[in-house]
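Asker: My structure is below; once you've seen it, I'll send some questions.
Just so you know, all these numbers are worked out from the coordinates, no wet-lab data involved. Computed from a prediction, not measured in an experiment: that's the story for all the values here. Neighbour counts run over all protein chains shown; Cβ positions are idealised from the backbone, glycine included.
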Amino acid sequence: MRLIRFVGFWGLLGLLIAQVTAVDERDRALVQQLDRVAARLDGIAAQLVPAPAPEPQPRARPGQPDPDAVYAVPIAGAPYRGAGDALVTMVYGGEFACPYCARVRPVLDELLVQYAGELKIVHEHYLVHETLARPAARAACAAQRQGRYFEMAARIWDEGFAERELGAGDMEALARALHLDLDAYRRDVAPGGPCDEIIARDQANLRRVGQRGTPSFYINGRFLSGARPIDAFVRLIDEELAVARGRVAGDRSARASYYQRWVLDRGLTAVE
């Protein structure tokens with residue numbers, strides 16, 4: 001009798017399990033059917049409702065340089081530091097009365113070390129504080145005409161700018177301390193003289209490609225403004241260096257003409 005009851009119990013349990021399993025299988029089948037219906041509805045909806053258009057890329061405002069464009073900034077005759085055949089040329093438009101230009105000096109020094117042989121930094125004049133900055137610009141220009149631009153520039157920053165002594169007399173004192181030819185110096189810095197012509201040329205060239213403040217930079221023609229942290233310069237320099245290396249493909253003779261061929265000959269000559 002106990003055996004019969006035992007067998008009956010397990011038989012009933014087996015029947016219940018079979019029924020539950022059947023329900024589970026029907027549920028799974030129903031869920032799969034609903035998934036197929038949902039997929040079909042999604043397909044229909046995708047055809048009826050167009051995908052949203054991608055957001056337009058930000059564009060430079062009228063009169064301002066496009067950071068993605070390449071601008072042809074002339075550099076003939078301008079003083080520079082770094083390798084003459086560098087693959088990356090950075091044109092720096094600044095003045096000696098600009099606090100942000102003073103702040104970016106160590107960044108530029110570090111970049112020349114980090115990219116030794118691959119970076120050239122060309123210095124050009126762009127005067128914002130006309131009355132205050134012009135005597136120093138004339139002095140640096142006159143020193144350049146005697147092959148001493150960077151020695152004069154260092155003294156202007158470390159002595160003239162630091163002490164707020166940027167007048168014509170202060171500049172001549174620095175020229176005397178550098179043992180420059182003072183007669184030639186005075187001719188060059190005279191109002192309307194050779195240095196005013198060079199400053200005007202630099203200013204016109206930079207204004208044409210959109211510079212409006214200091215400091216501003218054109219890295220193989222690509223615009224970057226302000227006293228940025230070094231990472232901002234590194235990003236652009238690395239991009240341009242990679243492109244340039246691909247173009248010259250190890251041809252040493254192509255390095256010296258790279259800026260002329262790929263920036264001056266192909267770049268935009270003015271901001272649109």
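Asker: Just in region 88-164: which trypsin sites (Lys or Arg not before Pro) are loop by DSSP and have at most 16 other Cβ atoms within 10 Å?
Answerer: Arg164
Asker: Enter the Cα centre distance for the pair region 65-80 and region 103-177, rounded to the nearest angstrom.
Answerer: 19
Asker: Step through the residues of region 191-203 one at a time and calculate ³J(HN,Hα) from phi using the Karplus curve (6.51 cos²θ - 1.76 cosθ + 1.60, θ = phi - 60°), rounding each to whole Hz and writing x for Gly and Pro.
Answerer: My calculation for region 191-203 gives x, x, x, x, 6, 5, 5, 5, 4, 5, 5, 4, 4 Hz in order.
Asker: Then there's this: Jot down the per residue volume, in cubic angstrom and as a whole number, of the convex hull over the alpha-carbon atoms of region 80-264.
Answerer: In region 80-264, the Cα hull volume divided by residue count equals 113 Å³.
Asker: Right, something else. Convert each backbone phi in region 138-146 into a coupling constant with the Karplus relation 6.51 cos²θ - 1.76 cosθ + 1.60 (shift: θ = phi - 60°), then list the ³J(HN,Hα) values in order as whole Hz, x for Gly and Pro.
Answerer: Once rounded to whole Hz, the list reads 4, 5, 5, 4, 4, 5, 4, 5, 10.
Asker: How big is region 125-221 in terms of Cα radius of gyration and Dmax, in angstroms?
Answerer: Calculated on Cα positions, Rg and Dmax stand at 13.3, 38 Å.
Asker: Another question about this same structure. Which cross-chain or sequence-distant (5 or more) residues have an amide H under 5 Å from the amide H of Met90, H modelled 1.01 Å from N in plane?
Answerer: Hits under the 5 Å cutoff: Lys120, Ile121, Val122, Asn220.
Asker: Net charge around Cys195, counting only other residues with Cβ within less than 10 Å of its Cβ (Lys, Arg = +1; Asp, Glu = -1)?
Answerer: +1
Asker: Could you give each residue of region 150-157 its phi-based ³J(HN,Hα) in whole Hz, using Karplus coefficients 6.51, -1.76, 1.60 with θ = phi - 60°, and x for Gly or Pro?
Answerer: Here the 3J(HN,Hα) series is 6, 5, 5, 4, 4, 5, 4, 5 Hz.
Asker: A follow-up question, please. For Arg207 paired with Ser257, estimate the spin-label separation in nm (one decimal), with each label point 7 Å from Cα along the Cα-to-Cβ line.
Answerer: Each label point lies 7 Å from its Cα, and together they span 3.4 nm.
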